[in-house]
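I have placed the structure first, in the form of structure tokens, so that the comments after it can refer back to it.
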Amino acid sequence: MKKTKEEKILTFLFILPSVILIAVFVYGFIGWTGWISLTNWKDVVPDFTFVGFRNYIDLFHNLRFQIGLKNILVFTVLFLVVSIAIGLFLAILLDRKVRFENVFRSIYLFPMAISFIVTGVVWRWMLNPGTATTGSLGINMLLDKIGLGFLKSGWYTDPNVGIKAVVIPAVWQMSGYVMAMYLAGIRGIPQELSEAAQVDGASNWQVYRYIILPLLQPITLGAVIILTHISLKIFDLVVAMTGAGIGFSCDVPALFMYDTTFRGNFFAQGAAIATILLIFVAILIIPYLRHGLREGS
Amino acid sequence: MKRFKGLSLLLSVLLVLSLGTLAFSQEKGVIEIFSWWTAGGEAEGLQALFDIYNRLYPDVEIINATVAGGAGAHAKAVLKTRMLGGDPPDTFQVHAGKELIDTWVKTGFMEPLTDLFESEGWVEVMPKGILDIVSYEGDYWSVPVNIHKANVLWYNKQIFADNGLNPPQTFDEFFEIADKLQEQGIIPFVLGTKDGWEAAHVFETVLIAKLGAEGYSGLWTGETKWSDPGVTEALETFKKMVTYVNPDHAAFTWDEAYEYIIDGKGAMSIMGDWVAGYFFSKEYTDFGWVPVPETAGIFDALSDSFGLPKGCKNRDNVINFLKVLGSKEGQEAFNLKKGSIPARTDINKDLFDDYQKSVMEDWEKDVIVPSVMHGAAAAEGWVTEFKDVIALFVARPDIEVTQKALVQVAERAGVAQ
């Protein structure tokens, strides 16, 4: 369908306001943050002296930042793998035409509707290990009661577990969402394909392994992108649940950014952390967008 | 009984008359008061101030803008974005000392209050120690509403009595007691570190113990080097103390951790005297207190104050609020609830609890040093990095590495080592 000239102008006018708003409030501020990260601003009063990449160099020498980077990597990998595994598993179960599917689907999906702050506070209490004098508390008490006491852990109060304990509520919250994505994906696969395979004598396992899973690849990619960008930016969950933890064992770059900017007044350093986080997310998102755009056209 | 009635009538008449002299005002509109006082005693103290203000200025609506979070970490973040964005609250809570002066006064965000200090006579009734830390270049910049002592060791009296123990005067005694309690299955040293500053607060008091008043104060001015053997000794002591804490300390904020003491499961803890306000609000009275070991005669001080930001929208209402803050009545009402002592020295001491009376005595005779974790001793950037180093030390108690880091942090803060 060919557009007339008037239509073209009209289309342009319609999207112009949003283009301007996004240019200013998204890209404008990204640029501004990038610029601040190259200055010497470390007081409440701005100091725009250009210092090059000094803030970045200092950051990578900063022990707290190094720990935070390592933590976010561990967190992202665990969060991704476990969420996707559980999400896929739940989706396949629901796809087996269980009774009350609607009810189960809602139950699995509900945690997503809760704010990370609420999740964090509740799980902080549930994963509080308790001490010798109080006895086990929360999850540890539950493990004791069902005879799985050997699984007890100090959770986030144990510096060796640290951020891995934060993965638990994150998975609890997001795996239902992954399930919904997969379920939609599975339902979108034409029945004929699996029926044809079954006629050819394929077992259930083979149907999933060779027909459904390969066809779900785009969904998996989508889930990876969505979960990773949530994970790299994770802040509210950590703040509400653990804070920086013992020896920063639960610390993430976003929390460090908040601390150094608003408590320490190191605005330039905070901006540098923000820029680094943006680059991480961009490395991930840009190939995906290019891929998506190419398919779109 | 009848005579008592007559007396109370006389008193109430006097009260009304005294209020009359303050004159009911015609002020209208709103006043937004920004603070991080949301827990137990502190929220009640703030409310006591509001009650007085409401009585004097019934037509002014108070907007109580609070942001919860230990030592004001989150409140300060919100405050900074508002101040930098040109939308200051009408008045806000700020620690007197470097936090006030370096962050807000030197940078030109505040209006001086010298006229108010003189017309209200605060210059005469507040001690020099406190006036000094709210002044800069000959002007006064905020109205201190209280004084807190930070180097207090709190203990559960019952546990000490049951085990025939006396509160420790030295760290050797402290560790002896801790060993005995640990054998009994009692947590010797209660700590909550969720908000990240509590460990550094304890360490600050250990520094005072090991370096003395002068040595400690010198750390923040460059007269004492961070490589000093006293600092090493403080780190060693603190390292040992950490081995006696409740293992779940990362799960709790300081006040949550104090449940151990109230429940009789934990014995001792080091914290400032907002703990007293917390205990009052929990109706817990069986607590004892002594100075942190080896800090007797030294008062690690901090003060909450309120100032007048430039460009606030209800200036007259703020001035009136500051008058209430600095008034005898306001200081008494607030501090009775908060657990701190008034900045004024002409208040009626009989109103106060035994604990507060003892602090008032200390305040008059002790050597005063500024608290670092509560904004009095060093600029905020230094405090933030200092607390990070100590938080890391709790998990990785490497004395040499930590002391080096402390030296670096001081250098970055512009204090030559």
(request) Could you tell me which of the residues B:V30, B:V105, B:V67 is among the β-branched types (V, I, T), in contact with a Gly (Cβ under 9 Å, 6 or more places away or on another chain) and touching a residue at least 24 places away in the same chain (Cβ under 8 Å)? (result) B:V105
(request) Please find, among B:V389, B:V394, B:V372, the residue that is of a type in the set (V, I, T), within 14 Å of chain A (Cβ to nearest Cβ) and assigned to a loop (DSSP other than H, G, I, E, B). (result) B:V372
(request) Test B:V394 against the stated conditions and say whether it is crowded, with 19+ Cβ neighbours inside 10 Å, closer than 24 Å to B:E198 by Cα and either out of contact with any strand residue (DSSP E or B) (no Cβ under 9 Å at 6 or more places or on another chain) or polar (S, T, N, Q) (or both). (result) no
(request) Please give the helices (runs of 4 or more DSSP H) falling wholly within segment A:155-234 in which 3 or more residues are within 14 Å of another protein chain (Cβ to nearest Cβ). (result) A:163-188
(request) Please work out if B:E176 is at pLDDT 95 or above and surrounded by fewer than 22 Cβ atoms within 10 Å (Cβ to Cβ). (result) yes
(request) Take segment A:181-230 and flag every residue that is surrounded by 15 or more Cβ atoms within 10 Å (Cβ to Cβ), within 30 Å of A:I279 (Cβ to Cβ) and of a type in the set (S, T, N, Q). (result) A:T220, A:T228
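Restricted to segment A:36-62, and to residues that are in a helix (DSSP H, G or I) and free of Cβ contacts under 8 Å to residues at least 24 places away in the same chain, which residue is nearest to the other protein chains (Cβ to nearest Cβ)?
Initially, segment A:36-62 is screened for residues in a helix (DSSP H, G or I), giving A:36, A:54-61.
With the extra rule that they be free of Cβ contacts under 8 Å to residues at least 24 places away in the same chain, the set shrinks to A:54, A:57, A:60-61.
Values: A:R54: 12, A:I57: 14, A:F60: 15, A:H61: 10 Å.
Filtering first and then ranking leaves A:H61.
Pick from segment A:237-275 the residues that are assigned to a helix (DSSP H, G or I) and more than 24 Å from B:W382 (Cβ to Cβ): which of them is farthest from the other protein chains (Cβ to nearest Cβ)? Even if it seems obvious, please write down each step before you answer.
Just the residues of segment A:237-275 that are assigned to a helix (DSSP H, G or I), to begin with: A:237-241, A:246-248, A:253-263, A:267-275.
Applying the additional criterion that residues be more than 24 Å from B:W382 (Cβ to Cβ) yields A:237-238, A:240-241, A:275.
On the way: A:L237: 14, A:V238: 11, A:A240: 10, A:M241: 9, A:T275: 19 Å.
My answer is A:T275.
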(request) All but one of (1) surrounded by 15 or more Cβ atoms within 10 Å (Cβ to Cβ); (2) part of a helix (DSSP H, G or I); (3) more than 14 Å from chain A (Cβ to nearest Cβ) hold for B:W104, so report the exception by its number. (result) (3)
(message) Please pick out the residue among B:W289, B:W274 that is closer than 26 Å to B:I101 by Cα and assigned by TED's automatic domain parsing to the domain that holds B:Q403.
(response) B:W274
(message) Quick test of your reading of the structure: A:G292 fulfils all but one of (1) surrounded by fewer than 19 Cβ atoms within 10 Å (Cβ to Cβ); (2) within 14 Å of chain B (Cβ to nearest Cβ). Name the failing condition by number.
(response) (2)
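Please pick out the residue among B:L181, B:L219 that is hydrophobic (A, V, I, L, M, F, W, C) and touching a strand residue (DSSP E or B) at 6+ places or on another chain (Cβ under 7 Å). Lay out the reasoning, then the answer.
Values: B:L219 fails: touching a strand residue (DSSP E or B) at 6+ places or on another chain (Cβ under 7 Å).
Checking each option against the conditions leaves just B:L181.
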(request) For residues that are more than 18 Å from the chain's Cα centre (by Cα) and in a helix (DSSP H, G or I), scanning just segment B:258-285, find the one that is nearest to the other protein chains (Cβ to nearest Cβ). (result) B:Y260
(message) Could you check segment B:163-211 and list, in sequence order, the residues that are of a type outside the set (D, E, K, R), away from chain A (no Cβ under 11 Å) and without any contact (Cβ under 8 Å) to a residue 60 or more places away in the chain?
(response) B:N163, B:G164, B:L165, B:N166, B:L207, B:L211
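Scan B:A416, B:A379 and give me the residue that is over 14 Å from B:H201 (Cα atoms) and surrounded by 20 or more Cβ atoms within 10 Å (Cβ to Cβ).
On the way: B:A416 fails: surrounded by 20 or more Cβ atoms within 10 Å (Cβ to Cβ).
The match here is B:A379.
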(message) If I filter segment B:231-239 for residues that are surrounded by fewer than 17 Cβ atoms within 10 Å (Cβ to Cβ) and within 25 Å of A:R263 (Cα to Cα), do I get at least one hit?
(response) no
(request) Considering each of B:D115, B:D102, B:D139 in turn, give the residue that is charged (D, E, K, R) and within 24 Å of A:F262 (Cβ to Cβ). (result) B:D102
(message) Need the failing condition index for B:N314 against (1) out of contact with any Ser or Thr (no Cβ under 6 Å at 6 or more places or on another chain); (2) over 23 Å from B:H74 (Cβ atoms); (3) not assigned by TED's automatic domain parsing to the domain that holds B:F50, just the number.
(response) (3)
(request) Among the numbered conditions (1) outside any helix (DSSP H, G or I); (2) free of Cβ contacts under 8 Å to residues at least 60 places away in the same chain; (3) aromatic (F, W, Y), tell me where A:Y27 comes up short. (result) (1)
(message) Could you tell me how many of the residues in segment A:127-154 are part of a loop (DSSP other than H, G, I, E, B), more than 13 Å from every other protein chain (Cβ to nearest Cβ) and among the small types (G, A, S)?
(response) 1
(request) Say whether the condition of being at pLDDT 85 or above, surrounded by 24 or more Cβ atoms within 10 Å (Cβ to Cβ) and among the hydroxyl-bearing types (S, T, Y) is met by at least one residue in segment B:280-289. (result) no
(message) Name the residue that is nearest to the chain's Cα centre (by Cα), counting only residues in segment B:325-347 that are among the aliphatic types (A, V, I, L, M) and crowded, with 23+ Cβ neighbours inside 10 Å.
(response) B:I341
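The values are calculated or read from the model by the stated rules, or taken from the named source; none is laboratory data. Just so it is clear, the model here is predicted, and its values are computed rather than measured. FYI the Cβ positions are ideal-geometry reconstructions off the backbone, even for glycines, and counts take in every protein chain you see.
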